[in-house]
Amino acid sequence: MESLIEIKRKSLAESEKLDDDRDFTSELIFAQMVIAAPDTLSVSLFFMLVLLKQNPEVELRILKEILVESGSKEVEHMDLQNLKVLESFINECLRFHPVVDFTMRKALEDDVIDGTKVAKGTNVILNMGLMHRTEFFPKPNEFCLENFDKLVPSRFFQPFGSGPRSCVGKHIAMVMMKAILVTLLTRFT
């Protein structure tokens with residue numbers, strides 16, 4: 001955990017600052033890990049359970065994968081990285097119902113975006129919900145695991161943000177979501 005925090009601290013120190021008189025690194029790490037994580041995780045899991053209920057065929061695919069992968073192992077001893085259908089399900093849930101719909105960044109230099117001039121220092125608002133509904137996905141307006149059959153470039157899918165201000169706990173969150181879903185599905189299905 002300490003090494004993850006140190007990596008995050010270094011990437012933030014090297015990035016642009018919102019205010020030259022203040023270092024936001026510690027506050028940002030604290031806010032993400034202690035304040036934001038429990039809320040975003042619980043909201044994400046809520047939408048995942050709703051989508052499982054609405055898509056029983058997906059639930060059966062995930063259960064089948066869990067049974068094949070687990071054999072006689074307990075959940076604590078499973079290799080959660082091998083659960084590719086579950087991972088596609090989680091990604092599709094995060095795409096279909098993003099927890100964070102909008103994020104803001106500051107332009108570091110003058111640029112042109114789709115014909116619109118953006119001056120250095122301009123605050124740019126990114127609409128994650130709209131980004132996740134682009135033509136890149138085969139069925140952008142439907143809940144469909146096939147949307148993740150191929151690798152998705154980060155410019156189209158950013159459930160945890162990107163760059164130096166991305167979520168410090170994104171890897172922990174993925175493991176937690178997998179473990180919680182596997183536990184719930186194996187005990188209550």
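Residue separation of Ile113 and Met176 scaled by 0.36 nm, minus their Cα-Cα distance, works out to 19.0 nm of gained length. Centroid-to-centroid, using Cα positions, the range 164-189 and the range 96-118 are 28 Å apart. Descending by average beta-carbon neighbour count within 10 Å, the peptides 143-150, 99-106, 116-123 line up as 143-150, 99-106, 116-123, the highest first. Here, the range 70-165 is characterised by an Rg to Rh ratio of 1.10, where Rg is the alpha-carbon radius of gyration and Rh the Kirkwood radius.
Take Met78: with every protein chain present and a 1.4 Å probe, its accessible area is about 20 Å².
For the listed peptides 107-114, 79-86, a ranking on the average number of other beta carbons within 10 Å per residue, highest first, reads 79-86, 107-114. Taking every protein chain into account, the 1.4 Å probe leaves Arg61 with about 110 Å² of accessible area, to the nearest ten.
Label-to-label distance, Phe46 versus His77, with points set 7 angstrom from Cα along the beta-carbon direction: 3.7 nm.
In this calculation the C-beta distance from Thr183 to Glu57 is compared with R0 = 22 Å, giving a FRET efficiency of 0.55. With every protein chain in place and a 1.4 angstrom probe, the accessible-area ranking of Ile62, Ile172, Ile125, largest first, reads Ile125, Ile172, Ile62.
The values are calculated or read from the model by the stated rules, or taken from the named source; none is laboratory data. Please read these numbers as outputs of a predicted model, since none were measured by experiment. Neighbour counts are summed over all protein chains in view; Cβ atoms, including those assigned to glycine, are modelled from backbone coordinates with ideal geometry. Remember, those area values only see protein heavy atoms, side chains included, never the ligands or the DNA or RNA. Shrake-Rupley method; radii C 1.70, N 1.55, O 1.52, S 1.80 Å.
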